[in-house]
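Colleague: Dumping the structure here so I can ask a few things about it.
The values are calculated or read from the model by the stated rules, or taken from the named source; none is laboratory data. Note that the coordinates shown come from a computational prediction; the quantities given were computed from them, not determined experimentally. Glycine also receives a Cβ, built like all others from the backbone with ideal geometry; neighbour counts cover every protein chain displayed. Only protein heavy atoms, including side chains, enter the accessible area calculation; ligands, DNA and RNA are left aside. Shrake-Rupley method; radii C 1.70, N 1.55, O 1.52, S 1.80 Å.
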Amino acid sequence: MNDRMTFESPWQRRLTRRRLLGATGAAAALAAAACSRGGGGQPTPFSPTAEPSASPTRAPSPSPTTLSSRHGHTLRHTGFVERDAFADPHKTQAGPLLGHQAMVFSRLLTYQDQARGTIAADLAAALPERPDATTLVFRINPQARWHDLPPLNGRPVTADDVKFSIERQRSGDTTFVRAPQWAAIDSIEVTSPQTITFRLKAPLAAAHHLFADVASFIVAPELAPDGRDIPLDAQVGSGPFLWVEWSDQRFASVRRNPAWFGGDRRPYLEGISLVQPRTTAEVESGLRTRALDVAIVSRTLADHLKRGLPQLVEYTVGHSMFVSVRYSLVNHPYNDQRFRNAVTWALDRREMVRKFFDGSGGLSPWISWPVTRWTLPESELTTVPGYRPGDGGREADLRDARAALEAFRSEKQLPADPLPLFVVDATENAIGLGSLIRDQLKAALDLDIRVVPMPLSQLVGLLLSAEAPFAAGPDTGWIDLDDWVYPYFHSAGTRNSFPLRDPDLDALIEKQRIELNEDARRSLGYEIQRRILALNPGANLVSERVVALAWPYVKGYPLDTTDGYQDRFASCWIDASDPTFRGRA
């Protein structure tokens with residue numbers, strides 16, 4: 001917030017909120033903290049499979065007429081041009097940067113649909129061969145080549161490049177924050193320029209996900225000689241687009257890679273320009289003049305714009321990023337189950353959805369509701385305290401919360417001073433998260449809370465040292481079940497800053513890691529979430545339903561539950577024959 005006495009429309013305030021919640025570089029706050037080392041006027045629900053997917057798998061070639069009508073033009077859309085201290089694709093944790101890099105760098109595998117968990121080949125010619133439960137044999141697409149830019153100059157992508165990319169992270173320093181995910185690999189063997197074999201230490205249900213994960217990019221050794229980081233001016237990959245520019249908090253762009261190996265003469269677009277607008281007035285003006293083809297907007301702004309521009313097509317998708325609270329289980333009073341229950345159940349999540357997302361969002365167990373493959377069904381969640389719907393449900397939640405607090409107070413006392421709630425300062429300034437939690441707990445339980453905003457870097461240190469017993473902020477979201485549960489809730493998890501030690505939960509988490517039957521693994525995921533809801537070491541509170549408005553001439557615009565898979569823009573195209581294309585600058 002600022003103290004300037006100037007008028008801001010609700011839509012301008014909302015843009016500030018989306019900036020906070022959409023820029024994963026900041027929004028990974030509590031997730032990263034515990035790691036030791038984004039036709040016509042009728043609303044159209046978006047399905048990642050409803051229009052041409054940007055999966056790099058080969059498909060039957062369309063006719064030359066279809067190809068000629070799809071190729072050309074630069075897509076102009078809004079988003080976040082935010083990053084952390086790193087430009088290196090193996091080190092950054094900023095979702096917007098990872099998304100931009102996903103158009104430039106390739107992975108062995110990629111996601112066609114994150115919510116459903118659909119994985120397809122990228123650099124690999126096909127999904128890996130699995131001679132046994134612990135061996136994966138990848139064959140590199142023989143047509144895959146690095147961009148025709150120095151220092152790589154279009155040379156073939158090799159199995160040695162793949163090995164370098166994995167070993168670089170496994171053996172690197174602590175700035176390679178994803179090193180733990182590669183601990184499952186026992187050995188890597190290159191048997192030919194196009195063949196690489198991975199042997200796992202044990203069967204791993206998420207083996208394919210490991211190679212499709214958001215930052216599992218394959219980079220060339222020439223980009224990082226002598227162990228150096230890859231800078232912004234050396235983003236040379238093998239993906240469907242070539243890096244052009246990146247200007248922090250302003251704009252970024254890529255241009256078509258004509259030699260991409262993905263098939264069907266993709267990508268169709270000549271380029272993509274990403275703009276981070278300063279105000280919603282810029283968004284509205286850009287859409288009206290067609291200087292913008294697509295804009296990510298709030299629910300309120302979408303409704304406003306569609307009244308004036310009924311031709312705009314609406315796409316929506318739930319985003320797995322979430323607002324959370326965390327407790328330190330080694331600090332009083334959070335070491336008592338009853339007190340944690342009281343606080344967690346008293347929080348009014350539906351009010352948060354209204355205030356943070358203009359009502360466009362939902363409530364989650366630990367796994368965010370948009371991750372439909374793994375999240376606990378809503379029909380069950382709405383029976384759990386803290387999640388029950390309607391006025392009657394809210395009253396029941398408050399009764400249970402007050403009873404839990406009374407049971408706690410019958411044996412223990414709260415500190416005389418207000419309980420500190422540590423919150424990332426940017427989050428507090430943008431959406432008033434800490435203040436809302438403070439007010440809710442005062443009204444529901446008569447608890448006195450003192451909001452303590454601070455920079456992310458400072459909060460990280462306090463979480464690691466158990467000096468932030470009650471913390472709140474945005475968390476990034478994930479795709480695979482194991483990423484949601486093992487690092488955070490297993491006793492050996494590298495991000496278990498609670499710290500939670502529960503043998504029964506450990507056993508469930510370990511079991512899902514090796515369960516190769518997806519239905520059985522999903523059932524284990526449900527059991528894990530039930531256990532987390534019972535223990536309440538922290539809570540995933542709410543996630544947003546993102547809205548995109550596009551002119552009808554934009555086809556195949558990719559939205560999904562997390563950032564990092566913008567390689568699917570390879571199948572996005574602009575239909576110049578659409579009547580709404582007339583007048584586009």
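Colleague: When the Cα atoms of region 157-288 are enclosed in a convex hull and the volume is divided per residue, what value in Å³ results? Numbers along the way, then the final one.
Modeller: Values: hull volume 23.0 nm³, N = 132.
Residue-normalised Cα hull volume stands at 174 Å³.
Colleague: To continue, here is another question. Accessible area of Arg373, 1.4 Å probe, to the nearest 10 Å²?
Modeller: 40 Å²
Colleague: When the helix-only estimate is applied to the chain (DSSP H runs of n ≥ 4, each -39,500 (n - 2.57), divided by the residue count), what is the mean residue ellipticity at 222 nm, nearest 500 deg cm²/dmol? Write down the numbers at each step before the final one.
Modeller: Details: 19 runs with 186 residues, N = 585.
For the chain, the value works out to -9500 deg cm²/dmol.
Colleague: Which FRET efficiency value, to the nearest 0.05, do you get for Arg307 and Ala507 by plugging their Cβ-Cβ distance into 1/(1 + (r/R0)^6) with R0 = 45 Å? The partial results should precede the final answer.
Modeller: Working: r = 54 Å, r/R0 = 1.21.
That gives a FRET efficiency of 0.25.
Colleague: Run down the lysines and flag those whose C-alpha is under 20 Å from the C-alpha of Lys201, throwing out any fewer than 8 positions away in its chain.
Modeller: Qualifying lysines at Cα under 20 Å: Lys163, Lys511.
Colleague: Now a separate question. At Glu395 and Ala281, where each label point lies 7 Å from the Cα along Cα→Cβ, what is the point-to-point distance in nanometres?
Modeller: 4.8 nm
Colleague: Find out how many positive minus negative residues lie around Phe422, taking Lys and Arg as positive, Asp and Glu as negative, among other residues whose Cβ is under 14 Å from that of Phe422.
Modeller: Summing Lys and Arg as +1 and Asp and Glu as -1 gives 0.
Colleague: Per the Kirkwood definition applied to all pairs of different Cα atoms, how many angstroms is the hydrodynamic radius of region 148-187? All intermediate terms of the calculation are to be shown ahead of the outcome.
Modeller: On the way: mean 1/r = 0.0858 Å⁻¹.
Taking the inverse mean of 1/r over all distinct Cα pairs, region 148-187 comes out at 11.7 Å.
Colleague: Take each of the peptides 196-206, 182-192, 146-156, average the number of other beta-carbon atoms within 10 Å over its residues, and list them starting from the highest.
Modeller: Working: 196-206: 17.5, 182-192: 14.0, 146-156: 15.7.
Taking the mean over residues of other Cβ atoms within 10 Å, the ranking is 196-206, 146-156, 182-192.
Colleague: Whose amide H sits under 5 Å from the amide H of Ser324, counting only residues 5 or more places off or on another chain, with H placed in the peptide plane?
Modeller: Gly473, Asp475, Leu541
Colleague: Still on this structure, please answer the following. Rounded, prolate or oblate, given the Cα gyration tensor of region 341-399, with a/c below 1.5 counting as rounded? Kindly include the intermediate steps, with their values, before the conclusion.
Modeller: On the way: a/c = 1.84, a/b = 1.24, b/c = 1.48.
In terms of gyration-tensor shape, oblate.
Colleague: How large are Rg and Dmax for region 343-443 when calculated on the C-alpha trace, in angstrom?
Modeller: Computed over the Cα atoms of region 343-443, radius of gyration and Dmax are 15.2, 45 Å.
Colleague: Label point 7 Å out from Asp186 along Cα-to-Cβ: which residues of region 119-142 have amide N under 15 Å?
Modeller: Only 131-137 fall inside the zone, counting backbone N under 15 Å.
Colleague: At R0 = 22 Å, how high is the FRET efficiency between Glu467 and Ser491 if r is their beta carbon distance? Nearest 0.05 is fine.
Modeller: 0.55
Colleague: Ok, one more. Pop out the Kirkwood hydrodynamic radius of region 446-585 from its pairwise C-alpha distances, inverse of mean 1/r, in Å to one decimal. Write down the numbers at each step before the final one.
Modeller: Numbers: mean 1/r = 0.0524 Å⁻¹.
Averaging 1/r across every pair of different Cα atoms and inverting gives 19.1 Å.
Colleague: Another question, if that's okay. If you work out Kirkwood radius over Cα pairs in Å from the coordinates, which of (i) 26.1; (ii) 24.8; (iii) 29.1 do you get?
Modeller: This structure yields the entry labelled (ii).
Colleague: Rank-order 450-461, 97-108, 570-581 by packing density, defined as the average count of other C-beta atoms within 10 Å over each peptide's residues, highest first.
Modeller: On the way: 450-461: 16.2, 97-108: 26.6, 570-581: 18.8.
Per-residue Cβ counts within 10 Å, averaged per peptide and sorted highest first, yield 97-108, 570-581, 450-461.
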